[in-house]
Amino acid sequence: MILSLTYQAIVIILLLTFSFGPAFFALINTGIKFGYKTGSFLALGVVISDFFLCLLVCVLVHFGMANLLHSEKAQTFFAIIGGIILIVFGAFFFKKIPVKTDDVIDIENQLPSPRLMFFKGFFLNLFNPTVWLLWLANVTAISKTLDYSMVKMIVFFSIVLGAVLLVELFKVKLAGKIKHYLTDRIMMIVNYITGLALMTFGLLLIYNHYFNK
């Protein structure tokens with residue numbers, strides 16, 4: 001069982017940290033633009049959001065209500081709300097002017113607040129229906145291995161999400177390291193790519209769950 005849980009933990013960590021979704025692009029962009037400290041709050045918000053979803057799905061699976069997440073109405077609702085939020089987030093990246101890398105000014109005064117970055121990461125991840133379905137699959141698979149024990153599942157996923165947070169912080173640190181080598185033009189392009197990616201994800205969510213039926 002230990003080998004099976006280890007393998008499943010590695011798979012979950014890879015899925016959560018290297019799936020090229022909205023949170024991934026926002027995390028890299030934030031690390032490049034504002035550095036490690038600011039990006040770490042965004043990463044923390046994403047992981048706390050994952051923990052919240054994990055707990056919610058654990059409760060639903062424990063009480064046999066997991067089918068609620070599979071219902072067409074629930075998926076359509078979350079897709080539309082999530083899609084609109086992603087489009088709005090993406091639009092902001094086209095309006096913001098990146099901080100110049102060669103500016104000799106007090107950059108600390110330009111940084112977004114830690115609270116803002118935390119909630120941005122939290123809701124960016126929370127309103128992504130793909131993350132809900134991913135957690136439903138994860139919890140369902142692990143619950144069978146752990147004999148549907150709520151306590152064991154919470155302990156297991158707490159350890160997994162602790163590892164996920166470390167990987168996310170490493171990604172932010174790495175992104176922050178390369179920002180000194182980027183020109184203003186490249187920073188602008190990174191901004192536009194991130195905004196376009198978020199808006200594309202949002203449009204695809206709405207199209208796939210509302211129009212493409």
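None of the figures in this text is laboratory data; all of them are computed from the coordinates on show. Everything numeric here is computed off the predicted structure, so don't read it as measured data. Using ideal geometry, Cβ is built from the backbone for each residue, glycine included, and neighbour counts are taken over all protein chains shown.
When the range 1-50 is filtered for residues that are outside any helix (DSSP H, G or I) and within 20 Å of L196 (Cβ to Cβ), the ones remaining, listed by number, are S19, F20, G21. Of the residues making up the range 130-153, those that are over 24 Å from L198 (Cβ atoms), surrounded by fewer than 19 Cβ atoms within 10 Å (Cβ to Cβ) and of a type outside the set (A, V, I, L, M) are T140, K144, T145, D147, Y148, S149, K152.
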